[in-house]
1. Which residue, of Lys48, Lys20, Lys40, is charged (D, E, K, R), modelled with pLDDT of 90 or more and over 30 Å from Asn65 (Cβ atoms)?
2. Hey, can you tell me all the residues within the stretch 69-83 that are part of a helix (DSSP H, G or I), open to solvent by less than 80 Å² (accessible area, probe 1.4 Å) and not aliphatic (A, V, I, L, M)?
3. With surrounded by 11 or more Cβ atoms within 10 Å (Cβ to Cβ) and out of contact with any helix residue (DSSP H, G or I) (no Cβ under 9 Å at 6 or more places or on another chain) as the only criterion, which of Leu61, Leu66, Leu45 stands out?
Amino acid sequence: PLPTEKAVVCFGSMFIELPKAKTREMLRQDQEELDEEINKLRKDLRVKVNRLYEAQGKPELKGFNLNPMSAEEMKLINRILEG
């Protein structure tokens, strides 16, 4: 059989056949939106935790404002560690 240029995607309880390029673009956009939402939630969480610690009279957490490394940064670190 010839490889098809379509992918089957599930939307709710329906399966829809779409072109692979369109499917890939939709997934990329969804992932970008999810990444933005995750980063916003992380930022909001830091503020809320700091407020909680302040209300409890505790000192601010050290290292809590660190950001995770990107995939590209991780690749570079792994390359350095491998030699």
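The values are calculated or read from the model by the stated rules, or taken from the named source; none is laboratory data. Computed from a prediction, not measured in an experiment: that's the story for all the values here. Heads up, the Cβs are rebuilt from the backbone with ideal geometry, glycines too, and the neighbour counts pull from every protein chain shown. Areas reflect the complete protein model, heavy atoms only, side chains present, ligands, DNA and RNA absent. Shrake-Rupley method; radii C 1.70, N 1.55, O 1.52, S 1.80 Å.
1. Numbers: Lys48 fails: over 30 Å from Asn65 (Cβ atoms); Lys40 fails: over 30 Å from Asn65 (Cβ atoms).
Only one candidate passes the filter, namely Lys20.
2. Asn78
3. On the way: Leu61 fails: out of contact with any helix residue (DSSP H, G or I) (no Cβ under 9 Å at 6 or more places or on another chain); Leu66 fails: surrounded by 11 or more Cβ atoms within 10 Å (Cβ to Cβ).
Exactly one residue qualifies, and that residue is Leu45.
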